[in-house]
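Each remark here refers to the structure printed beneath this line.
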Amino acid sequence: MALKRGKQTYLFQHPAAIRSFAAIGSKREGEGPLGEFFDTIDPDSTFGQKSWERAESRLHHDTVELAVKKAGLSYADLDCLLAGDLLNQCIGATFGVRELGIPYLGIYGACSNMAEGLLLSAFLAESGLRYLGVSTASHFCTAERQYRFPLEYGGQRTPTSQWTVTGGGAVVVAGATAQTPDQAGPWIQAAAIGTIEDKGIKDAANMGAAMAPAAAATILGFLSDTGTTPEDYDLILTGDLGQVGSDLLYELAIREGVDLRSRHTDCGLLIYDRDRQDVHAGGSGCGCCASVLCSYILPSLREGRVKRVLFAATGALLSPTSTQQGESIPSIAHAVCLTSRKEDLPWN
Amino acid sequence: MSLTESEYDALTKRYSQNSKPWINVPKAFLIGGGICALGQGLIEGYTRLGLPADLASGACSMTLVVLSALCTGLGIYDQIARHAGAGTLVPITGFANAMVSPALEFKSEGLILGTGAKMFAIAGPVLVYGISASVLYGLIRFLFGQA
């Protein structure tokens, strides 16, 4: 049983361990600062497929395949796979893993998918499931054609816009019953289920601004529920707020008396070099935090280079239809607390 | 968070960088002007080849449209437009790009429901309201103007 603390936070009594992780990216991700840490960089963004949607599905398939292989398991060992993406009806995920025969739960939290998946996997592990997979991915070309314009259309992007990551990440989580005596981390110690926040932003080219209130609500909620401060963590990591969203997050937090600056960074700012790669406000998409987490953060936790990470990924819950109908953009953020060692808890 | 929507809107504006018109406007002027100069050159050329003025204008438009479609297909047009903005949007080349890019993009959904149906996704409104406006203008002329 997970112990509820405060409004929205749960502490796991038998924390799940992240047994393996895999990240795949394409050309632009490979040219970014984290390029060398990806398991695979395929410069061909079609991934050998005939449509962009198939390419995105391939990302799901290949990251899951790689993560399961690195875990030393087979598909039959997985009790459940949680996966999601940004495409209509989540075909990126389902079509990618349809032939694997793993019991499947589709999830949708837009770009918060990775955090939502980790959160759910930790709860399912707490309830007795042994091995679980989590996979999320995004593709620049599928996102553009669904949300914006055809690729070859000659438009200009605004400075607040972000660049959808072509990449994905998958993890295999081991529940308490599947853990070995010398089980390595990282460990999923706690989770906060986010609330939907909407501060009236309607500009779909400024997702960072739309999502910052959700990030602030969940991060501040988690800190308050657990009685911890930003200094209790090595890193407070958001998913794809970009520069605008990160600045707004600091501003919102400071108004509540919490200074996040010394501990916070954002996967959308880590994955690309904004000065060199023309991505405007940073990276975005489900694959952004998934690939940064699986390529760089989880290995750092496993090796003990960072000890405690509060990972809060945000998702903008809009659709092209809602944007055209002039609706504002509701957003959500889910958080999981990851630690390098099982006994090392940021709270008492 | 006690912030109201209007307070948050003000905060967002403070942190959201604006476009840089002192860079974008000259670039649009130069590249858009370049396309127009090319058009003028084409008209002069076709006139010298013996085409009457009205046919030379038509031939110029057709040439620019073909060039734009070609550049779109080769993946060059959007690279230029990234810098040019309205400079590549306003001339007839922008219209051609708006037709060809969805036609290419949605080929994966088939020739009927993809290319055929989606080809007008961006340029469609221009046609609808452009043609409607010209019909309205014609009616006004017919009813109130001199024949």
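The values are calculated or read from the model by the stated rules, or taken from the named source; none is laboratory data. Bear in mind the structure is a predicted one, so any value in this text is a computation, not a measurement. In this analysis, Cβ positions are derived from the backbone assuming ideal geometry, glycine residues included, and neighbour counts consider all displayed protein chains. Surface accessibility is based on the protein's heavy atoms, side chains included, excluding ligands, DNA and RNA. Shrake-Rupley method; radii C 1.70, N 1.55, O 1.52, S 1.80 Å.
Residues of segment A:318-343 that are of a type in the set (D, E, K, R) and closer than 19 Å to A:K199 by Cα: A:E327 alone. Give the residues of segment A:188-242 that are of a type in the set (F, W, Y) and either assigned to a helix (DSSP H, G or I) or within 24 Å of A:A137 (Cα to Cα) (or both), sorted by residue number. Of everything in segment A:188-242, just one residue is of a type in the set (F, W, Y) and either assigned to a helix (DSSP H, G or I) or within 24 Å of A:A137 (Cα to Cα) (or both), namely A:F222.
Considering only residues that are touching a strand residue (DSSP E or B) at 6+ places or on another chain (Cβ under 6 Å) and more than 14 Å from every other protein chain (Cβ to nearest Cβ), look in segment A:231-256 and name the one that is most open to solvent (accessible area, probe 1.4 Å). So the residue we want is A:D234. Scanning segment A:134-162 for residues that are within 23 Å of A:I107 (Cα to Cα) and hydroxyl-bearing (S, T, Y) gives A:S135, A:T136, A:S138, A:T142, A:Y147. When residues in segment A:120-131 are screened for being within 16 Å of the chain's Cα centre (by Cα) and either polar (S, T, N, Q) or crowded, with 24+ Cβ neighbours inside 10 Å (or both), 2 of them pass. Per this entry, B:N24 is not counted among residues that are within 14 Å of another protein chain (Cβ to nearest Cβ) and touching a Phe, Trp or Tyr at 6+ places or on another chain (Cβ under 6 Å).
Quick check: anything in segment B:56-65 within 30 Å of A:Q324 (Cα to Cα), surrounded by 15 or more Cβ atoms within 10 Å (Cβ to Cβ) and of a type in the set (S, T, N, Q)? Checked segment B:56-65: no residue is within 30 Å of A:Q324 (Cα to Cα), surrounded by 15 or more Cβ atoms within 10 Å (Cβ to Cβ) and of a type in the set (S, T, N, Q). Going by the structure shown, is B:I131 open to solvent by 20 Å² or more (accessible area, probe 1.4 Å), more than 9 Å from chain A (Cβ to nearest Cβ), more than 12 Å from the chain's Cα centre (by Cα) and not charged (D, E, K, R)? Spelling it out, B:I131 is indeed open to solvent by 20 Å² or more (accessible area, probe 1.4 Å), more than 9 Å from chain A (Cβ to nearest Cβ), more than 12 Å from the chain's Cα centre (by Cα) and not charged (D, E, K, R). Among the residues of segment B:16-43, the ones that are within 19 Å of B:I92 (Cα to Cα) and part of a loop (DSSP other than H, G, I, E, B) come to 0 in all. With respect to A:P150, determine if the residue is outside any helix (DSSP H, G or I) and within 13 Å of chain B (Cβ to nearest Cβ). Yes: the conditions hold for A:P150.
How many of the residues making up segment A:303-341 are within 30 Å of A:A184 (Cβ to Cβ) and crowded, with 16+ Cβ neighbours inside 10 Å? The total comes to 18. Of the residues making up segment A:274-290, not a single one is among the hydroxyl-bearing types (S, T, Y) and surrounded by fewer than 20 Cβ atoms within 10 Å (Cβ to Cβ). Listed by first and then second residue, the pairs linking a residue in segment A:262-276 that is in contact (Cβ under 8 Å) with a residue 60 or more places away in the chain and not assigned by TED's automatic domain parsing to the domain that holds A:I41 to a residue that is open to solvent by less than 50 Å² (accessible area, probe 1.4 Å) and aromatic (F, W, Y), with Cβ atoms under 7 Å apart and 6 or more places separating them unless they lie on different chains, are A:Y272/A:W163. For B:S2, indicate whether it is open to solvent by 60 Å² or more (accessible area, probe 1.4 Å) and either within 11 Å of chain A (Cβ to nearest Cβ) or under 23 Å from A:L241 (Cβ atoms) (or both). Answer is yes for this residue. Residues satisfying the criterion are present in segment B:30-41 (criterion: out of contact with any strand residue (DSSP E or B) (no Cβ under 8 Å at 6 or more places or on another chain), crowded, with 20+ Cβ neighbours inside 10 Å and at negative phi). Taking residues in segment B:75-95 that are more than 9 Å from every other protein chain (Cβ to nearest Cβ) and closer than 13 Å to B:G33 by Cα, and partners anywhere that are open to solvent by 20 Å² or more (accessible area, probe 1.4 Å) and hydroxyl-bearing (S, T, Y), the pairs with Cβ atoms closer than 9 Å and at least 6 places apart or on different chains are B:I92/B:S61.
Comparison of A:L118, A:L86, A:L82 shows that the only residue that is in a loop (DSSP other than H, G, I, E, B) and closer than 16 Å to A:A290 by Cβ is A:L86. Can you find even one residue in segment A:132-139 that is within 14 Å of another protein chain (Cβ to nearest Cβ), closer than 30 Å to B:I122 by Cβ, open to solvent by 30 Å² or more (accessible area, probe 1.4 Å) and assigned to a loop (DSSP other than H, G, I, E, B)? Scanning segment A:132-139 turns up no residue that is within 14 Å of another protein chain (Cβ to nearest Cβ), closer than 30 Å to B:I122 by Cβ, open to solvent by 30 Å² or more (accessible area, probe 1.4 Å) and assigned to a loop (DSSP other than H, G, I, E, B). Among the residues of segment A:1-24, just one is of a type in the set (V, I, T) and within 17 Å of A:L132 (Cβ to Cβ), namely A:I18. For segment A:81-101, a residue qualifies if it is touching a Phe, Trp or Tyr at 6+ places or on another chain (Cβ under 6 Å) and surrounded by 24 or more Cβ atoms within 10 Å (Cβ to Cβ), and the qualifying residues are A:L81, A:G84. For the criterion of being in the same structural domain as A:C286 (by TED's automatic domain parsing), more than 19 Å from the chain's Cα centre (by Cα) and either open to solvent by 10 Å² or more (accessible area, probe 1.4 Å) or over 30 Å from A:S51 (Cα atoms) (or both), A:A209 fails. Scanning segment A:162-177 for residues that are open to solvent by 10 Å² or more (accessible area, probe 1.4 Å) and within 24 Å of A:S127 (Cα to Cα) yields a count of 2.
Within segment A:1-42, being buried (at least 17 other Cβ atoms within 10 Å of the Cβ) and assigned to a loop (DSSP other than H, G, I, E, B) holds for A:A2, A:Q8, A:S26, A:G32, A:L34, A:F38, A:D39, A:D42.
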